[in-house]
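Enquirer: One structure, as structure tokens, below. Some questions next.
Just so it is clear, none of the values below were taken in a lab; they were calculated from the coordinates. Note that the structure is a prediction, hence the values are computed from the model and not measured. We place every Cβ from the backbone using ideal geometry, glycine too, and count neighbours over all the protein chains shown.
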Amino acid sequence: MIDVEVLTVICIVIAQQCQQMKQMCPAMSTNEANVERVQEFVRSDRRKSVAQIAPEVGIPVRSCHSIPHDVLNMFRVHQHLVS
């Protein structure tokens with residue numbers, strides 16, 4: 001039987017390795033092609049929500065939300081996205 005302390009140490013080491021690997025990998029969802037596609041969808045129909053755009057682009061909703069706000073600096077003001 002494996003000791004609980006040994007399992008804890010193994011889990012900590014695996015978690016640290018995962019964090020290191022995650023930092024080495026670039027963000028796949030917010031690449032230039034996806035940013036352009038999201039921008040096209042937003043400009044074509046400003047009434048679409050992030051939840052509607054994400055499946056059309058093929059990226060997670062969280063990534064789709066960060067593109068207009070963080071990358072394109074767009075914010076909703078009186079039902080219009082302004083940059």
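Enquirer: Around Ile12, under 15 Å between beta carbons, what's the net of Lys plus Arg minus Asp minus Glu among the other residues? Could you put the intermediate results ahead of the total?
Expert: Working: positive: none; negative: Asp3, Glu5.
It works out to a net charge of -2.
Enquirer: Order these peptides, 38-44, 10-16, by their mean beta-carbon neighbour count within 10 angstrom, highest first.
Expert: Working: 38-44: 15.7, 10-16: 10.1.
Ranked from most to least packed, the peptides come out as 38-44, 10-16.
Enquirer: Right, another one. Which distance in nm do the two modelled labels at Cys18 and Val4 give, with both placed 7 Å along the Cα-to-Cβ direction?
Expert: Simple spin-label model gives 2.1 nm for this pair.
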